[in-house]
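The values are calculated or read from the model by the stated rules, or taken from the named source; none is laboratory data. Here the structure is a predicted model, which is why all the values come from computation and not from measurement. Here Cβ is always computed from backbone atoms with ideal geometry, including for glycine, and neighbour counts include all displayed protein chains.
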Amino acid sequence: MPAPAANPLAIRSLRRFLVRVPVRTPIVWGSGVRTGVTRLLVELTTEGGVVGWGETICLLDAIPAVLDKVVMPLAVGRGVDEVERLHRHVLGAGYYHHKRAAVMAMCAVEMAMWDAFGKISGQPLFRLWGGLWRERIPLAAYLLQSDPAIVAEDARAYLAQGYETFKLKIGYDERSDVELTRIVRAVIGPDRPLRLDVNGAWTPGTAKRQLQRLLPHDPAYVEQPLELDDLAGHAALRASQSVPIALDESAYTLQDVGNIVRAQAADVILLDPHEAGGLWQTVKAAAIAESVGIPVTLHSGGELALSQAAYLHLAASIPNMTLAIDNELQHLAGDVTARPFVIDRGALAVPQAPGLGVEVDLDLVRKHEVNDITGAYLDPRRPGWFPVKPAY
């Protein structure tokens, strides 16, 4: 008898690339300084000859190790339509103990599976997740400096480009929290949403004081004011004052989102497929939030074109993703496609080509390829310094 034909959807081979793209100016936040973004890219080829690409955030050395030793070996031979099985297989291989490394490694392969499946189906990904809910995806202007003069200048530039939502990093110290917020509010006017991201720098007592002091500047929400594990503290903070509380670092996985909802700890949840284990897990997490009326948006960690496209497909198809998504595209000084996304009046159009809708340029991938992860945390200007959460 002839051997059975290979499943054309099965993954025949995978290869991965570690790339680092510099930023135009250093990104400053309460946990350090970033001079570039490091990402893992995965290229898969199916038995039917279709190529899919995926991307994930890569801040720590554990992520490539899990990708190489666990995720890619488990993916070979599996159909690109089996993203749920891959996710559970990786966790079932013992990586439920190390979920935060596993989910980031998984996302690159899972995204490539969706890209290939969309190409095989002849459909853009948003059509595989319920259809087009919105065509134009608004972006938040990301203010990533601690110098008041630079922050004001950046806010004015974003305003001139047509952005309507602004996100400001605070969490450096008590005084600058209020001063930076006051400056940006003065630039953007009273009606545009202004988000404040603390990155877990506050103690509960500081949070009470600072939220009272920030209230006159009408924050749209304050993101991650307390440590990521402190759901009880966030729930108490949410119940005791009027500024909406958003959670990001507390909301990596599907189970994290479920715990947030049970604890009534957030008014807004920021999702991230790289930190959830893939695009499908993000769709499911958004549905949990939708069931209790919580709006969601997307966290940005310096997405290149593949992840940027994935974000647009998610935002296009998830009804309760009603808030502008975070975005660092304007801060990047390179990409892995010859046709990068172009921001128009603070928004991006949803790709319409099958799969992710991105053509990867291998020459650009090779140009940005690196061997090590550098510049993810800490601050090279301050030897011996390291961030502490909470900081004050």
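Can you find even one residue in the stretch 163-176 that is of a type in the set (Gly, Ala, Ser) and touching a residue at least 40 places away in the same chain (Cβ under 8 Å)? If you could, list the steps in order and put the result at the bottom.
Looking only at the stretch 163-176, we keep the residues that are of a type in the set (Gly, Ala, Ser), and these are 171, 176.
From what is left, the residues that are touching a residue at least 40 places away in the same chain (Cβ under 8 Å) are 171.
Yes, that holds for at least one residue.
Quick check on the stretch 331-369: of everything there that is among the small types (Gly, Ala, Ser) and not in a strand (DSSP E or B), which residue is nearest to Thr25 (Cα to Cα)? Before you say what the answer is, go through the steps one by one.
Step one: list which residues in the stretch 331-369 are among the small types (Gly, Ala, Ser), which gives 333-334, 338, 346-347, 349, 353, 355, 357.
Narrowing further to those that are not in a strand (DSSP E or B): 333-334, 338, 346, 353, 357.
Details: Ala333: 9, Gly334: 13, Ala338: 22, Gly346: 20, Ala353: 33, Gly357: 29 Å.
Going through the qualifying residues, I end up with Ala333.
In this structure, is His89 in the same structural domain as Leu44 (by TED's automatic domain parsing) and not in a helix (DSSP H, G or I)? So that I can check it myself, show each step before the final result.
Working: in the same structural domain as Leu44 (by TED's automatic domain parsing): yes; not in a helix (DSSP H, G or I): no.
No: the conditions fail for His89.
Basic (Lys, Arg), outside the structural domain of Val83 (by TED's automatic domain parsing), closer than 23 Å to Ala235 by Cα and modelled with pLDDT of 95 or more - does that describe any residue in the stretch 142-157? Working first, answer last.
Taking the stretch 142-157 first, the residues basic (Lys, Arg) are 156.
Subsequent filtering for residues that are outside the structural domain of Val83 (by TED's automatic domain parsing) retains 156.
Going one step further and asking which of them are closer than 23 Å to Ala235 by Cα, we end up with none.
For the stretch 142-157, residues basic (Lys, Arg), outside the structural domain of Val83 (by TED's automatic domain parsing), closer than 23 Å to Ala235 by Cα and modelled with pLDDT of 95 or more: absent.
If you scan the stretch 55-75, which residues turn out to be farther than 23 Å from Val358 by Cα and not in a helix (DSSP H, G or I)?
Within the stretch 55-75, Leu59, Leu60, Asp61 meet the criteria.
Check the stretch 275-292 and report whether any residue there is under 27 Å from Thr181 (Cα atoms), surrounded by fewer than 23 Cβ atoms within 10 Å (Cβ to Cβ) and out of contact with any Ser or Thr (no Cβ under 9 Å at 6 or more places or on another chain).
There is no residue in the stretch 275-292 that is under 27 Å from Thr181 (Cα atoms), surrounded by fewer than 23 Cβ atoms within 10 Å (Cβ to Cβ) and out of contact with any Ser or Thr (no Cβ under 9 Å at 6 or more places or on another chain).
Output yes when any residue across the stretch 100-113 is surrounded by fewer than 18 Cβ atoms within 10 Å (Cβ to Cβ), more than 17 Å from Gln352 (Cα to Cα), out of contact with any Pro (no Cβ under 8 Å at 6 or more places or on another chain) and not assigned by TED's automatic domain parsing to the domain that holds Gln352, and no when none is.
First, the residues of the stretch 100-113 that are surrounded by fewer than 18 Cβ atoms within 10 Å (Cβ to Cβ): 100.
Restricting the remaining residues to those that are more than 17 Å from Gln352 (Cα to Cα) gives 100.
Going one step further and asking which of them are out of contact with any Pro (no Cβ under 8 Å at 6 or more places or on another chain), we end up with 100.
Those left that are additionally not assigned by TED's automatic domain parsing to the domain that holds Gln352: 100.
Yes, some residue in the stretch 100-113 is surrounded by fewer than 18 Cβ atoms within 10 Å (Cβ to Cβ), more than 17 Å from Gln352 (Cα to Cα), out of contact with any Pro (no Cβ under 8 Å at 6 or more places or on another chain) and not assigned by TED's automatic domain parsing to the domain that holds Gln352.
Which of the following residues is crowded, with 20+ Cβ neighbours inside 10 Å and over 17 Å from the mean Cα position of the chain (by Cα): Val37, Val70?
Numbers: Val37 fails: over 17 Å from the mean Cα position of the chain (by Cα).
So the residue among Val37, Val70 that is crowded, with 20+ Cβ neighbours inside 10 Å and over 17 Å from the mean Cα position of the chain (by Cα) is Val70.
Taking the stretch 121-166 on its own, how many of its residues are of a type in the set (Lys, Arg) and part of a loop (DSSP other than H, G, I, E, B)?
Applying the first criterion (of a type in the set (Lys, Arg)) to the stretch 121-166 yields 127, 134, 136, 156.
Now narrow it down to the ones that are part of a loop (DSSP other than H, G, I, E, B): 134.
Total satisfying the criteria: 1.
May I ask you to list pairs of residues, at least six apart or on different chains, whose Cβ atoms are under 9 Å apart, with the first in the stretch 104-115 being free of Cβ contacts under 8 Å to residues at least 12 places away in the same chain and the second being buried (at least 24 other Cβ atoms within 10 Å of the Cβ) and of a type in the set (Asp, Glu)?
Sorted first by the residue in the stretch 104-115, then by its partner, the list stays empty.
Here's the yes/no breakdown for (1) hydrophobic (A, V, I, L, M, F, W, C); (2) more than 30 Å from Leu144 (Cα to Cα); (3) free of Cβ contacts under 8 Å to residues at least 12 places away in the same chain:
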position: Thr38; (1), (2), (3): no, no, no
position: Gly54; (1), (2), (3): no, no, no
position: Leu59; (1), (2), (3): yes, no, no
position: Val66; (1), (2), (3): yes, yes, no
position: His87; (1), (2), (3): no, yes, no
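Evaluate the following for Gln224: is it crowded, with 16+ Cβ neighbours inside 10 Å, under 20 Å from the mean Cα position of the chain (by Cα) and either touching a residue at least 24 places away in the same chain (Cβ under 8 Å) or not assigned by TED's automatic domain parsing to the domain that holds His87 (or both)?
Working: crowded, with 16+ Cβ neighbours inside 10 Å: yes; under 20 Å from the mean Cα position of the chain (by Cα): yes; either touching a residue at least 24 places away in the same chain (Cβ under 8 Å) or not assigned by TED's automatic domain parsing to the domain that holds His87 (or both): yes.
Spelling it out, Gln224 is indeed crowded, with 16+ Cβ neighbours inside 10 Å, under 20 Å from the mean Cα position of the chain (by Cα) and either touching a residue at least 24 places away in the same chain (Cβ under 8 Å) or not assigned by TED's automatic domain parsing to the domain that holds His87 (or both).
What about Ala338, is it of a type in the set (Gly, Ala, Ser), surrounded by fewer than 24 Cβ atoms within 10 Å (Cβ to Cβ) and on the phi < 0 side of the Ramachandran plot? So that I can check it myself, show each step before the final result.
On the way: of a type in the set (Gly, Ala, Ser): yes; surrounded by fewer than 24 Cβ atoms within 10 Å (Cβ to Cβ): yes; on the phi < 0 side of the Ramachandran plot: yes.
Yes: the conditions hold for Ala338.
Say we look at the stretch 162-198 and pick out the residues that are under 23 Å from the mean Cα position of the chain (by Cα) and more than 15 Å from Pro219 (Cβ to Cβ); which of these is surrounded by the most Cβ atoms within 10 Å (Cβ to Cβ)?
Tyr163
Assess whether Thr322 counts as being under 17 Å from the mean Cα position of the chain (by Cα), without any contact (Cβ under 8 Å) to a residue 40 or more places away in the chain, part of a loop (DSSP other than H, G, I, E, B) and surrounded by fewer than 20 Cβ atoms within 10 Å (Cβ to Cβ).
Values: under 17 Å from the mean Cα position of the chain (by Cα): yes; without any contact (Cβ under 8 Å) to a residue 40 or more places away in the chain: yes; part of a loop (DSSP other than H, G, I, E, B): yes; surrounded by fewer than 20 Cβ atoms within 10 Å (Cβ to Cβ): yes.
Here the answer is yes, as Thr322 does meet what is asked.
Confirm whether Thr206 is surrounded by fewer than 22 Cβ atoms within 10 Å (Cβ to Cβ), touching a Phe, Trp or Tyr at 6+ places or on another chain (Cβ under 7 Å) and touching a residue at least 12 places away in the same chain (Cβ under 8 Å). If you could, list the steps in order and put the result at the bottom.
Numbers: surrounded by fewer than 22 Cβ atoms within 10 Å (Cβ to Cβ): yes; touching a Phe, Trp or Tyr at 6+ places or on another chain (Cβ under 7 Å): yes; touching a residue at least 12 places away in the same chain (Cβ under 8 Å): yes.
Here the answer is yes, as Thr206 does meet what is asked.
Give the stretch 246-273 a look and list any residue that's more than 21 Å from Ile318 (Cα to Cα) and touching a helix residue (DSSP H, G or I) at 6+ places or on another chain (Cβ under 6 Å), or say none.
Let us first name the residues in the stretch 246-273 that are more than 21 Å from Ile318 (Cα to Cα), namely 262-265.
Passing the criteria: Ala263, Gln264, Ala265.
Per-residue answers, yes or no, for (1) in contact with a Ser or Thr (Cβ under 6 Å, 6 or more places away or on another chain); (2) in contact (Cβ under 8 Å) with a residue 24 or more places away in the chain; (3) surrounded by 17 or more Cβ atoms within 10 Å (Cβ to Cβ):
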residue	(1), (2), (3)
Gly355	no, yes, yes
Val358	yes, yes, yes
Val365	no, yes, yes
Pro380	no, yes, no
Pro387	yes, yes, no
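Could you tell me which of the residues Arg85, Arg78, Arg127 is among the basic types (Lys, Arg), over 21 Å from the mean Cα position of the chain (by Cα) and buried (at least 18 other Cβ atoms within 10 Å of the Cβ)? Steps first, answer last, please.
Values: Arg85 fails: buried (at least 18 other Cβ atoms within 10 Å of the Cβ); Arg127 fails: buried (at least 18 other Cβ atoms within 10 Å of the Cβ).
Just a single option satisfies the conditions, and that option is Arg78.
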